[in-house]
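Remarks on the structure that follows.
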Amino acid sequence: MSAIAEPDNGDDGPTNPTSPTTPTTSTGPDFEVDLEFNFEYTSFYSNYLKITWGQKGTGEVPDGYTVELAKIGNIAEAVNDSTGEFEVDVTDLRPGLYTAIFTVKYNDNLSKNYFAAEKVPKGGELNISIKLTESNNQLVAYVFDEYANPVSGALVKLCIRNDIRETLETDESGYARFKMLLPQDKSDVYCVVEGFEKNIGHNQVIKYVYIGNGEWLEGDKNTTTSRKATTTAPTTSRGSTTKTVKTTTTIEKTAAPTSAKATLPIVWGPGTTSVTPEGLIAINLSFDTGVLNAFNYSSKDFESRSRMLVSSEFYKSITDSTSVLYLLAQSSDMEITDQQISEAISGKSKYSLFHPEETLRIPMNLSLVINNKSLNTVGPVSLDGEEAVVELPVPKSVKASKYTFVAAEFGKDGITSFLDTSVEDGIIKFKTKNLSSVVLLGFKNPVGYRSGSMILTPSLIMIIIGLVLLASAFVLLYIFFLRKPREGAEILDSGDSKSAPLADGVPLGVLLNKDNDNEEDLTK
């Protein structure tokens, strides 16, 4: 290992074995020469580090330079070496990676700290534990060692009852965030973590040992303690520097008599079944009985009316000949309140006239699940920004003409966004790029409102008819009573037996006088 000068960060503890190391500059006054350090373990199983140092490029120890102190982790050892070689005992270091600090004195009056560009590895055995939390109806697992340090690269399995639903590796912070949405009953949700070995360099290996029989999301509530080992975790290779150790971690959970609500059974559909005329792939719906009851259909009718449409390109990118896709709808235990609906529609002209207290609501957790039969694995799949169309029937208990339906995404803070939704032939269709928690809202239309819009159809017709009649009356009034005659208008009378055409705008009184004159002529 070579070392360059770095600033002292005062860190005596180990770092995560996957954390990167960034070289920096030295601290203290500028020396006339630049130094470099190298180390290696004296033997394969030794706890002694052999340190060699000297001028960079030549390896020679310059005159007047002395290494006074070597500090690795929480170990500080006085050295006072001017030969270019010394040893440091790291027996008391716990497993991990540590920064090596070398204090160099020059001419007995100047000193400088050199920090290693490479961490010093120390192997050994560490016990690991796991902690579970719930976030937005999804499970988050945190794996840490006996010194409360995060453990990266640990394989964590999410299980419900005795079925493994999803497997993830922890990240550099020790977290594994599962994509699968949790069921309504979480008493059967637990995780197990595999023990494994990690090569951290210089033939140093950390062996992580999981002591436990699984961590339950809700602890031992409603259970009698009986967790025994029956399942052996498979050995998996994870790169050239990591080796997984076979561990036996079996879970058996015996439920005590309780009145707690059982996990709702799922009705699994046939999966991908057809291609639409537009070239889209139709994925059938699988659902639990809570969702089925909310729509009030039989299983067969609900399944035949529900599906999700995705592009063939997206379908080909995530499946092979042995894979089957399912759109899974599970009941959500989150309640959508009148206040949350009111806050969501406030100020939105399209929905603001509806009454939240009269709104139908069906909250669901939607996920896309793939079953790879060749690998015998089942797990969730993300849409990754791909737009999909979900089709669900209008609930059987209501008439589509009396409700305006819209799908919306929601979380613990309420409704977050409305989705592009339409209703055609009793089928609700909405577009989404992120399958998650979705609530189907049915706004009850006020009397006279047309479903799917905010237009008072009968009232509008009556208003139009009234306006037409009013305009007609005004025209008639103008023609017969309000219009003025033209100036200079007169009656044409040539004395012929034929009546001459009257000029436009002749007053009614003139016509009456003319008729009287004609009568006088006849009496003569």
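Miscellaneous remarks
- Verdict on Leu383 being on the phi < 0 side of the Ramachandran plot, part of a strand (DSSP E or B) and under 24 Å from the mean Cα position of the chain (by Cα): no
- Criterion violated by Ile128 - all others in (1) more than 30 Å from Phe102 (Cα to Cα); (2) free of Cβ contacts under 8 Å to residues at least 60 places away in the same chain satisfied: (2)
- Taking the numbered list (1) in contact (Cβ under 8 Å) with a residue 12 or more places away in the chain; (2) out of contact with any Lys or Arg (no Cβ under 8 Å at 6 or more places or on another chain); (3) surrounded by fewer than 20 Cβ atoms within 10 Å (Cβ to Cβ) in turn, Ala154 passes all entries but (3).
- With respect to the conditions (1) at pLDDT below 85; (2) surrounded by 19 or more Cβ atoms within 10 Å (Cβ to Cβ), Asn9 lacks only one, and its number is (2).
- The set of residues in the range 416-433 being more than 26 Å from Asp338 (Cβ to Cβ) and assigned to a loop (DSSP other than H, G, I, E, B) consists of Asp425, Gly426, Lys433.
- Boolean, Tyr48 is loosely packed, with under 15 Cβ neighbours inside 10 Å, in contact with a strand residue (DSSP E or B) (Cβ under 6 Å, 6 or more places away or on another chain) and under 28 Å from Asn149 (Cα atoms): yes
- Residues in the range 188-218 that are at pLDDT 85 or above and polar (S, T, N, Q) were compared, and the one that is surrounded by the fewest Cβ atoms within 10 Å (Cβ to Cβ) is Asn203.
- Some residue of the range 163-183 being touching a Lys or Arg at 6+ places or on another chain (Cβ under 7 Å), surrounded by fewer than 21 Cβ atoms within 10 Å (Cβ to Cβ) and among the small types (Gly, Ala, Ser): no
- Here the range 85-122 is the region considered, the condition is being surrounded by fewer than 22 Cβ atoms within 10 Å (Cβ to Cβ) and among the small types (Gly, Ala, Ser), and the residue that is modelled with the highest pLDDT is Ser111.
- Qualifying residue in the range 340-361 (condition: assigned to a strand (DSSP E or B), among the small types (Gly, Ala, Ser) and more than 16 Å from the chain's Cα centre (by Cα)): no
- Set Asn109, Asn113, Asn74, Asn80: member being free of Cβ contacts under 8 Å to residues at least 12 places away in the same chain and outside the structural domain of Ser152 (by TED's automatic domain parsing): Asn109
- Residue within the range 145-157 that is polar (S, T, N, Q), modelled with pLDDT of 90 or more, under 30 Å from Ile51 (Cα atoms) and outside the structural domain of Ser46 (by TED's automatic domain parsing) present: yes
- Test: Pro356 is buried (at least 19 other Cβ atoms within 10 Å of the Cβ) and more than 17 Å from Phe287 (Cα to Cα): yes
- All conditions but one from (1) farther than 30 Å from Leu168 by Cα; (2) surrounded by fewer than 20 Cβ atoms within 10 Å (Cβ to Cβ) apply to Ile336; the one that does not is (2).
- Criterion: closer than 20 Å to Val291 by Cα and not β-branched (Val, Ile, Thr) - qualifying residue of Phe405, Phe354: Phe405
- Pairing each residue of the range 299-310 that is closer than 17 Å to Glu424 by Cα with any residue that is outside any strand (DSSP E or B) and of a type in the set (A, V, I, L, M), provided the two are 6+ apart or on different chains, yields C-beta distances under 7 Å for Phe302/Leu292; Leu309/Leu280.
- Total residues in the range 184-209 satisfying the condition of being farther than 30 Å from Asn47 by Cα and touching a strand residue (DSSP E or B) at 6+ places or on another chain (Cβ under 6 Å): the figure is 6.
- Pick from the range 385-415, criterion within 22 Å of Thr337 (Cβ to Cβ) and among the hydrophobic types (A, V, I, L, M, F, W, C), ranking: surrounded by the most Cβ atoms within 10 Å (Cβ to Cβ): Ala408
- Residues that are at positive phi and of a type in the set (Val, Ile, Thr) within the range 386-432 are absent altogether.
The values are calculated or read from the model by the stated rules, or taken from the named source; none is laboratory data. Please read all numbers here as calculations on a predicted model, not as lab measurements. Heads up, the Cβs are rebuilt from the backbone with ideal geometry, glycines too, and the neighbour counts pull from every protein chain shown.
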